[in-house]
Amino acid sequence: MSSSAVEQTARASGVQHLREVLELAGWRCTRQRVAVFDYLRSVVSHPTAEEVYVAVRRRLPKISLATVYKALEALVQSGLADKLTTGEGPARYDCHSHEHYHFRCLKSGDVHDLPAPYDPQLIDKLDPDLVQVLGKQGFHVTGYRLEVLGRFEGKEPSSVFKHGS
């Protein structure tokens with residue numbers, strides 16, 4: 001099988017999986033949602049809705065910003081993407097499904113995957129009693145996120161880290 005045929009088969013399989021997950025969550029699988037999902041999977045950064053809109057318009061010139069927001073909402077609600085929010089700046093979107101950490105540039109707002117191994121025991125290492133203490137207060141821990149904050153001084157992330165996530 002040629003590499004082009006392999007790529008087409010893999011893409012068709014990916015679209016079928018996307019369709020199944022969206023429909024299971026009560027969403028239709030549209031070409032706009034496929035384009036937004038394809039773009040999110042293709043980037044190592046975690047773009048804003050506006051950045052997704054600019055990129056996807058190259059493929060679908062008639063797509064609107066509202067449609068991009070709706071596609072992102074469908075992907076988040078179906079568990080195919082995460083919406084990364086802070087108190088400042090616009091939300092960013094991540095569809096890398098593996099557990100991982102992030103780093104954020106406070107100057108630009110850009111968010112990237114941190115090239116460090118994920119540690120599912122990190123909370124226990126920080127404080128072995130933390131989950132139990134929170135549980136006694138009625139708070140059930142279901143997971144955690146770690147984001148390293150800083151500023152790039154004259155360099156872009158691609159020149160600092162080489163990672164394939």
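Observations on the structure shown:
- Residue list for segment 118-158, restricted to those being over 14 Å from Phe103 (Cβ atoms) and among the aliphatic types (A, V, I, L, M): Leu122, Ile123, Leu126, Leu130, Val131, Val133, Leu134, Val141
- Elements of type strands (runs of 3 or more DSSP E) contained in segment 16-117, each with 1 or more residues being among the polar types (S, T, N, Q) and out of contact with any Asp or Glu (no Cβ under 9 Å at 6 or more places or on another chain): none
- Val111 fulfils the conditions (1) crowded, with 17+ Cβ neighbours inside 10 Å; (2) within 17 Å of Val21 (Cα to Cα) except for a single criterion, (2).
- Enumeration of residues in segment 80-98 that are β-branched (Val, Ile, Thr) and touching a residue at least 12 places away in the same chain (Cβ under 8 Å): Thr86
- Here Leu75 meets each of (1) surrounded by fewer than 20 Cβ atoms within 10 Å (Cβ to Cβ); (2) within 14 Å of Ala35 (Cα to Cα) with one exception, condition (1).
- Just one of the listed residues (Ala116, Ala91) is surrounded by 11 or more Cβ atoms within 10 Å (Cβ to Cβ) and touching a strand residue (DSSP E or B) at 6+ places or on another chain (Cβ under 7 Å), namely Ala91.
- Residue that is farthest from Leu84 (Cα to Cα) [pool: residues in segment 118-163 that are of a type in the set (D, E, K, R), modelled with pLDDT of 90 or more and not in a loop (DSSP other than H, G, I, E, B)]: Lys136
- Hits in segment 57-72 (condition: among the small types (Gly, Ala, Ser) and surrounded by fewer than 16 Cβ atoms within 10 Å (Cβ to Cβ)): Ser64, Ala66
The values are calculated or read from the model by the stated rules, or taken from the named source; none is laboratory data. Computed from a predicted structure; not experimentally measured. FYI the Cβ positions are ideal-geometry reconstructions off the backbone, even for glycines, and counts take in every protein chain you see.
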